[in-house]
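The values are calculated or read from the model by the stated rules, or taken from the named source; none is laboratory data. Fair warning: this is a prediction, and the values are worked out from it, not measured in the lab. When we count neighbours, we look across all protein chains shown, and the Cβ atoms used for this are built from the backbone with ideal geometry, even at glycine. These accessible areas exclude ligands, DNA and RNA; they are computed on the full protein's heavy atoms, side chains included. Shrake-Rupley method; radii C 1.70, N 1.55, O 1.52, S 1.80 Å.
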Amino acid sequence: MTSDETLKAALNSTEMKQRLAAIDQLSKTPLPQGAELLFSSLQDPEVKVRAAAAFALRKYAQDPAVVQPLIALLADQNLDVQLAVAFSLGETGAAEAVGGLTPLLASADDRLRSRTAEALGKLDNSQACDALFEALEKEENPKVGLRIAEALRRLGDERAIPILIAALQFEDSGVRARAVEALAQPGDLTVVGPLVAALADETQMVRSAAAFILGRLGPVAVDALTGALADETRSVRSGAAKALSEIGDIRTLQPLLKALEDEDRRVRTRAAQALGRLGSEEAIPALMRCVTQDEAKRVRWRATGALRELKSLQAAPALVAALKDEDSSVRLEAVRALTDLDLSDAVDEIKELLQDPIRRVRCGAAKSLGELGDHRAIGPLRDALWNDDDQSVRLESAKATRKLRHRLAETVQALLQLEEQALLSLVDALRDEDSRVRLEAIYSLAESAGEVVVEPLIEALQDEDSQVRAEAAYALGNTRDTRSVGPLLELLRDEDSHVRTNASESLIALGDSNLVELLLESLRDEDSRMRTSASFILGRLGGYAVERLIASLQDGDSRMRSSVAFVLGEVGDGRALSHLINALQDSDRRVRATAAEAIEKLAFHSIQPLIDALSSEDNRVRSRAAKALGNLAQQTVVPLLSVAEDEDARVQTIAAEALSKLGGEQA
């Protein structure tokens, strides 16, 4: 059985409760065929069922088929049924219902006359206006008369206005409030005066309604409302300011600024609110004074909210000051305003509010710090997350920390993208025709470690300007990228010494495992500049290259052996001593001479610790060092004496100089 069949069966049930339940279901969950199913219930023998079915048809008011069955049901003499039918017909908006509803305006029942008037007020038909006005003239019950006048007003019939204005004087405040609401018609100047007068009503409900309606009337009410700001009655001034806050007309700026100085705090409060909605930055100085100086906390709060709406950095000093206001609402509103301004300069002041005694202020501060995304908030948020006694504050701190992390990550990503774009611009600048521009680009690229800069810097090693080549060579040393080893080695031939020096330093910094072999091969190069630079680098590499250098003392090329001996002397590693001593027997005199010089350097390196020990604080160390140095000197005297009579005059001279340096009398 389908749902339609089930409901139809329930509507035909002998049990009234089942029939009412089915009608209720069709009312709560309208179905495509729901209206048709309900029609049969309009003839139900039970009044409750007929009334419920008529009222349920309001949900199907857009279906034209429901109008005639409802009109036919108006003949029902039961009041509840007639009330339900009148309401549903009003929802249809069908002009054809006017004729059926009009007779009910003469009913003896106040409720039915009121309900019928409301229904006719929803039908856009001139006949309804005439019927309503005729009924209004005859109506004796003021409350029903008000309903009829409301219906007329809704239909735009101006004949209702005098009745509604008169109703503003009724003793019943509820009637007066409804009359105020019924007078609402945007752009209607005739009702402004009576509504302004209603701002002085003794009942708050009426005054609020009048202020609200005046705000809806729009610009036509501005002149009257600005005049009302100077009224002697406080409620009139306050209501006028409230109404003006809804209109937002720039003509109200000066009167509202003056109202900020009103003796009544409620007037100042409404004026501050209105100025915020007005959106003029001319109001900022006056609002800032209210925030920092007004004695009424509610005025300060509204003024802070107004500054928040204006969203101007000009207000920042007052908003920061408001963070220390004695009222928690002001402090919280200031936090929100500063957050809307995205003012990270206020982070230090806002994070202090994580210690505020009021929970909602601490929550607001945590949320703000997450929105602002400043790294300075990480520590305070962590402390609040760990230490705050209130779970709401801890929860907001956790959310803020998560948001802060995401914002910082986005910032880092954005900076990386900007960095990449900047690097690409600098790479393009390496092709500039002005060498000064190319040089400046290299200075900037030297500070970057990205792989994108390596190839452009290698290309710059061929630049026609020697300073550009030198700086490019230096920058490549900072990249630690071994792709530059080969190009830097070639640069050791450069005619400019500064270029060669920078290339050498960068090669040393790179320290590639294949570098020693490449440098050793460079020692064979025909270019003396290449050999000199390679020797310098090998010497600086020190122990890193010793084993391979020692092996090269056996190279078949005497020039190679001589260069290696020189480098080993520069390195000063004791492991090379025995091999250099063997080189003193080399077949090539240049090798032997270089080996002797290298041994001299090694000897100096070996006795330097003894010389340093002469400055020891321990007298025993000093004495042992002195004795050792003496013994070493004594051991050299006899060999030197043996060559003092050498057949080579140059040898004799050098031996004599050596003995003289030793201070020996034998010299």
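LEU418 falls short of the stated requirement of being of a type in the set (A, V, I, L, M, F, W, C) and surrounded by 13 or more Cβ atoms within 10 Å (Cβ to Cβ). May I ask you to list the residues in the stretch 498-532 that are open to solvent by 70 Å² or more (accessible area, probe 1.4 Å) and either of a type in the set (D, E, K, R) or over 52 Å from the mean Cα position of the chain (by Cα) (or both)? If the condition is that a residue be open to solvent by 70 Å² or more (accessible area, probe 1.4 Å) and either of a type in the set (D, E, K, R) or over 52 Å from the mean Cα position of the chain (by Cα) (or both), then GLU517, LEU518, GLU521, ARG524, GLU526, ARG529, THR532 are the ones that fit. Take the conditions open to solvent by less than 10 Å² (accessible area, probe 1.4 Å) and either hydrophobic (A, V, I, L, M, F, W, C) or within 49 Å of the chain's Cα centre (by Cα) (or both) and apply them to LEU489. Does it pass? No.
Within the stretch 273-293, the set of residues being at pLDDT below 95 and touching a Lys or Arg at 6+ places or on another chain (Cβ under 6 Å) comprises GLN273 only.
Where helices (runs of 4 or more DSSP H) fall entirely within the stretch 534-600, those with at least 1 residues that are open to solvent by less than 20 Å² (accessible area, probe 1.4 Å) and β-branched (Val, Ile, Thr) are at 546-552, 558-571.
Name the pairs whose Cβ atoms lie under 7 Å apart, with the first residue in the stretch 101-123 and under 14 Å from LEU136 (Cβ atoms), the second part of a helix (DSSP H, G or I) and open to solvent by 50 Å² or more (accessible area, probe 1.4 Å), and 6 or more positions between them or separate chains? Partner pairs satisfying both residue conditions: SER114/ARG147; ALA117/ARG147; GLU118/ARG147; GLY121/ARG154. Which residue out of GLU455, GLU464 is surrounded by fewer than 16 Cβ atoms within 10 Å (Cβ to Cβ) and not in a helix (DSSP H, G or I)? Only one candidate passes the filter, namely GLU464.
Residue-wise test of (1) crowded, with 16+ Cβ neighbours inside 10 Å; (2) in contact (Cβ under 8 Å) with a residue 24 or more places away in the chain; (3) closer than 30 Å to VAL412 by Cα.
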| position | (1), (2), (3) |
| --- | --- |
| GLU281 | no, yes, no |
| LEU287 | yes, yes, no |
| ARG298 | yes, yes, no |
| LYS311 | no, yes, yes |
| SER329 | yes, yes, no |
| ASP356 | yes, yes, no |
| CYS363 | yes, yes, yes |
| LEU385 | yes, no, yes |
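Within the stretch 159-173, if we keep just the residues that are touching a residue at least 24 places away in the same chain (Cβ under 8 Å) and open to solvent by 10 Å² or more (accessible area, probe 1.4 Å), the residue that is nearest to the chain's Cα centre (by Cα) turns out to be SER173. The C-beta contact set for the stretch 213-230 (first residue under 13 Å from ALA198 (Cα atoms), second residue aliphatic (A, V, I, L, M) and not in a helix (DSSP H, G or I), distance under 6 angstrom, 6+ apart or interchain) comprises ILE213/ALA184.
Report yes if some residue within the stretch 199-208 is in contact with a Leu (Cβ under 7 Å, 6 or more places away or on another chain), without any contact (Cβ under 8 Å) to a residue 60 or more places away in the chain and over 18 Å from LYS122 (Cα atoms); otherwise report no. Checked the stretch 199-208: at least one residue is in contact with a Leu (Cβ under 7 Å, 6 or more places away or on another chain), without any contact (Cβ under 8 Å) to a residue 60 or more places away in the chain and over 18 Å from LYS122 (Cα atoms). If you go through the stretch 503-523 and pick out every residue that is modelled with pLDDT of 75 or more and part of a loop (DSSP other than H, G, I, E, B), you end up with 0. Out of ALA337, ALA321, one residue alone is touching a residue at least 24 places away in the same chain (Cβ under 8 Å), under 20 Å from MET288 (Cα atoms), of a type in the set (Gly, Ala, Ser) and open to solvent by 40 Å² or more (accessible area, probe 1.4 Å). It is ALA321.
Every residue, every condition in (1) within 26 Å of VAL299 (Cα to Cα); (2) crowded, with 21+ Cβ neighbours inside 10 Å; (3) more than 41 Å from the chain's Cα centre (by Cα); (4) polar (S, T, N, Q), yes or no:
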residue: ALA184; (1), (2), (3), (4): no, no, yes, no
residue: GLU202; (1), (2), (3), (4): yes, no, yes, no
residue: SER208; (1), (2), (3), (4): yes, no, no, yes
residue: ILE213; (1), (2), (3), (4): yes, yes, no, no
residue: VAL220; (1), (2), (3), (4): no, no, yes, no
residue: ALA228; (1), (2), (3), (4): yes, yes, yes, no
residue: VAL236; (1), (2), (3), (4): yes, yes, yes, no
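Does at least one position in the stretch 293-310 carry a residue that is out of contact with any Pro (no Cβ under 6 Å at 6 or more places or on another chain), assigned to a loop (DSSP other than H, G, I, E, B), small (Gly, Ala, Ser) and closer than 30 Å to VAL180 by Cβ? Checking the stretch 293-310: at least one residue is out of contact with any Pro (no Cβ under 6 Å at 6 or more places or on another chain), assigned to a loop (DSSP other than H, G, I, E, B), small (Gly, Ala, Ser) and closer than 30 Å to VAL180 by Cβ. Only one of these is open to solvent by 30 Å² or more (accessible area, probe 1.4 Å) and either assigned to a helix (DSSP H, G or I) or under 21 Å from GLU134 (Cα atoms) (or both): THR116, THR102. Name it. After ruling out the rest, the residue left standing is THR102.
Of the residues making up the stretch 131-141, those that are in a helix (DSSP H, G or I) and either open to solvent by less than 60 Å² (accessible area, probe 1.4 Å) or in contact with a Leu (Cβ under 9 Å, 6 or more places away or on another chain) (or both) are ALA131, LEU132, PHE133, GLU134, ALA135, LEU136, LYS138. The single condition among (1) within 40 Å of the chain's Cα centre (by Cα); (2) surrounded by fewer than 24 Cβ atoms within 10 Å (Cβ to Cβ); (3) over 26 Å from GLU158 (Cα atoms) that ALA272 does not meet is (2).
Within the stretch 70-86, is there a residue that is in contact with an Asp or Glu (Cβ under 9 Å, 6 or more places away or on another chain), at pLDDT 90 or above and polar (S, T, N, Q)? Checked the stretch 70-86: at least one residue is in contact with an Asp or Glu (Cβ under 9 Å, 6 or more places away or on another chain), at pLDDT 90 or above and polar (S, T, N, Q).
Against the criterion of being within 20 Å of MET530 (Cα to Cα) and hydroxyl-bearing (Ser, Thr, Tyr), TYR443 does not qualify. Residue count for the stretch 459-483, restricted to those that are over 13 Å from ILE442 (Cα atoms) and among the basic types (Lys, Arg): 2. The conditions are (1) in a helix (DSSP H, G or I); (2) open to solvent by less than 70 Å² (accessible area, probe 1.4 Å), and SER13 fails exactly one of them. Which is it? Only one criterion is unmet by SER13, namely (1). Of all the listed residues (SER578, SER528, SER558, SER562), the sole one being at pLDDT below 80 and of a type in the set (Ser, Thr, Tyr) is SER528.
This table checks each residue for (1) farther than 30 Å from ILE458 by Cβ; (2) among the hydrophobic types (A, V, I, L, M, F, W, C); (3) in a helix (DSSP H, G or I).
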position	(1), (2), (3)
ARG336	yes, no, yes
VAL347	yes, yes, yes
LEU353	yes, yes, yes
ARG362	yes, no, yes
ALA384	yes, yes, yes
LYS399	yes, no, yes
LEU423	no, yes, yes
